[in-house]
1. Out of 264, 313, which single residue is away from the ligand (no atom under 12 Å from the Cβ) and surrounded by 24 or more Cβ atoms within 10 Å (Cβ to Cβ)?
2. Mind telling me which of the residues 229, 155 ends up being surrounded by 12 or more Cβ atoms within 10 Å (Cβ to Cβ), at pLDDT 95 or above and in a helix (DSSP H, G or I)?
3. Got a sec? Which of 365, 294, 372 is away from the ligand (no atom under 16 Å from the Cβ) and more than 16 Å from the chain's Cα centre (by Cα)?
4. Residue 258: touching a residue at least 40 places away in the same chain (Cβ under 8 Å), away from the ligand (no atom under 16 Å from the Cβ) and either more than 23 Å from residue 354 (Cβ to Cβ) or crowded, with 18+ Cβ neighbours inside 10 Å (or both), yes or no?
5. Can you name the residue in the range 316-343 that is in contact with a helix residue (DSSP H, G or I) (Cβ under 6 Å, 6 or more places away or on another chain) and within 16 Å of the ligand (Cβ to nearest atom) and is also nearest to residue 355 (Cα to Cα) among such residues?
6. So residue 248 clears everything in (1) away from the ligand (no atom under 15 Å from the Cβ); (2) more than 29 Å from residue 66 (Cβ to Cβ); (3) in contact with a strand residue (DSSP E or B) (Cβ under 8 Å, 6 or more places away or on another chain) except one condition, right? Which one?
7. Can you name the condition, by its number, that residue 122 falls short on among (1) modelled with pLDDT of 85 or more; (2) more than 16 Å from the chain's Cα centre (by Cα)?
8. State whether the residues of the range 234-251 include one that is assigned by TED's automatic domain parsing to the domain that holds residue 152, farther than 24 Å from residue 276 by Cβ, part of a helix (DSSP H, G or I) and out of contact with any helix residue (DSSP H, G or I) (no Cβ under 7 Å at 6 or more places or on another chain).
Ligand code: ATP
């Protein structure tokens, strides 16, 4: 996590200058690059920016400077590039990036895969850890029958390699087989594990490695790296489970997990499954975090099935913005993250505070306004 130095105002007290005005407190400006993207992306991001703008006057000595940039499948149709160089540069120059959602099912590369500039951004900015908190805000949100479950876990997904490694390879006409590569490197695994251990240490102190070490050599290697890094964190308890069992336990006993760390593709799948047990994709925020940059976005995609109807749940995007404020690391932005978190806790305590995905009838804008007002 970068250390943003607050501008300490160093003033020397003049011996004889009684009429001099008191210096104004320094304002720390945070440049936030906003990439609304495709489908419901612009809808949920509009509400997120509304919440951040409502929050701003409540924070002392910080200012958000938003700049919007084009990105996504729609941008590909306009300019031929889903991630224009100017957008990438703006992301690199900003303090943090807030992203909506990318992709349109009908806009694809010749290989048949969808445009996914958010994946390019992760790779270009080296955002190695995909951090996905999963929390049940109201028991009415879960499809699980068990009563009294308290789901509060975080998934750390490796973001730069794994089974996504060869995703850009196409395949020739009339080929008889196509292979994908699952890459596990020591460097990417070590830094991911260390980040997950540090996070587990700040929570309940349990880290679960999810792999497939019983079948795949790459996963046995992944586990051996985990075992070695675990020695650096003797205060954190560890578990190792196979990905198939992880899917089972996430449904049967999700309350047993604290922090999960796993490979890119496993993390992709398990985080959707985990979102499913707390109300769906509209309740699942995420942050893609590297050494110097971070992108915050809801875990969901562009949801073309509901785009343009004003019914998308903006909470995943708003909670992602809260993660961003926490990551920015300033005392006041961290307080802002808490304020958003607590406002959402208060509002969701009432099960009727719900968009359609949660069984309610609020629109995206009504929910966004309610969070902004609750601040
Ligand atoms: P991607 O692969 O790009 O992550 P996806 O194909 O997994 O996307 P999503 O776009 O995340 O799919 O949508 C999955 C389902 O969840 C859809 O039925 C969609 O309507 C629903 N959904 C996603 N986000 C939201 C949201 N914010 N509010 C309500 N429903 C949502």
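The values are calculated or read from the model by the stated rules, or taken from the named source; none is laboratory data. Predicted model, so just to flag it, every value in this text is computed and none were measured. With ideal geometry, Cβ positions are generated from the backbone for all residues, glycine too; neighbour counts draw on all protein chains shown.
1. 264
2. Answer to the check: 229.
3. Among 365, 294, 372, only 372 is away from the ligand (no atom under 16 Å from the Cβ) and more than 16 Å from the chain's Cα centre (by Cα).
4. So residue 258 passes the test.
5. Ranking the candidates gives 316 first.
6. (3)
7. Result: residue 122 passes all but (2).
8. Looking through the range 234-251, none of the residues is assigned by TED's automatic domain parsing to the domain that holds residue 152, farther than 24 Å from residue 276 by Cβ, part of a helix (DSSP H, G or I) and out of contact with any helix residue (DSSP H, G or I) (no Cβ under 7 Å at 6 or more places or on another chain).
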